[in-house]
Amino acid sequence: MIADALGVTKAALFYQFRTKDEIVLAAAEDELSRLQAVLARAEIPPTPIRRRKLLLEGIVDLAVDRRRTVSVILSDPVVLRVFANHERYHQVLDRLSDLLLGPGPGARRHMQTAMFMAAISGAVMHPIMANVDDEVLRSELLRLARRFR
């Protein structure tokens, strides 16, 4: 399907990418880079409160701006399986957890981060939100995200 959508042969696609996992990572790399850019901006301010504010704004903006693309990526079980074993993805999530909850180890932090991200992505992907204006969605998500802790 990817080869057809790109207008190339399957052989050409598999010449560039050796495995299906490589194709999945390449397709999702753009979204991961966007999240890294949000994290980089949020890591600049000197205070944790300001860093967290920028993080929340950046994640909500990213989710709303990319809600149709993200829904495809995050709902695909192959993508989720590949990301589960992708070290760079885990490093990005650790940075996100540090900014969102403060530094520290533990399954509890990972659970909180996963729930936070799932809530935002679930909201923007939900069919009931399909006709909601982006600015209304952004405003409400940001209001709710600020309450997260």
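All of the numbers you see were taken from the coordinates with simple rules; none came from a lab. Note that the structure is predicted; figures quoted are calculated from it, not measured. In this analysis, Cβ positions are derived from the backbone assuming ideal geometry, glycine residues included, and neighbour counts consider all displayed protein chains.
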Residue-by-residue Karplus 3J(HN,Hα) for segment 57-64, coefficients 6.51, -1.76, 1.60, Hz, glycine and proline x: 4, x, 5, 5, 4, 4, 5, 6
Low-density loop positions, GluC sites (Glu not before Pro), segment 1-49 - DSSP coil, at most 15 other Cβ in 10 Å: Glu43
Additional length obtainable on full extension of the chain from Arg146 to Asn85, 0.36 nm per residue less Cα span: 18.9 nm
Using θ = phi - 60° and Karplus 6.51 cos²θ - 1.76 cosθ + 1.60, couplings along segment 89-98 (whole Hz; Gly, Pro as x): 4, 5, 5, 5, 5, 5, 4, 4, 4, 4
Karplus-derived HN-Hα couplings along segment 2-16 (A = 6.51, B = -1.76, C = 1.60, θ = phi - 60°), whole Hz, x at Gly and Pro: 5, 4, 4, 5, 7, x, 10, 7, 4, 4, 5, 5, 6, 6, 6
Shape box of the chain [Cα atoms, principal axes, largest first, Å]: 51, 38, 26
CD proxy at 222 nm, helix term only [per DSSP H run n ≥ 4: -39500 (n - 2.57); per residue of the chain; nearest 500]: -24500 deg cm²/dmol
Amide H partners (placed H, <5 Å) of Arg66, local residues excluded: none
Contour excess over end-to-end distance, with Cα ends at Thr47 and Ala119 and 0.36 nm allotted per residue: 23.4 nm
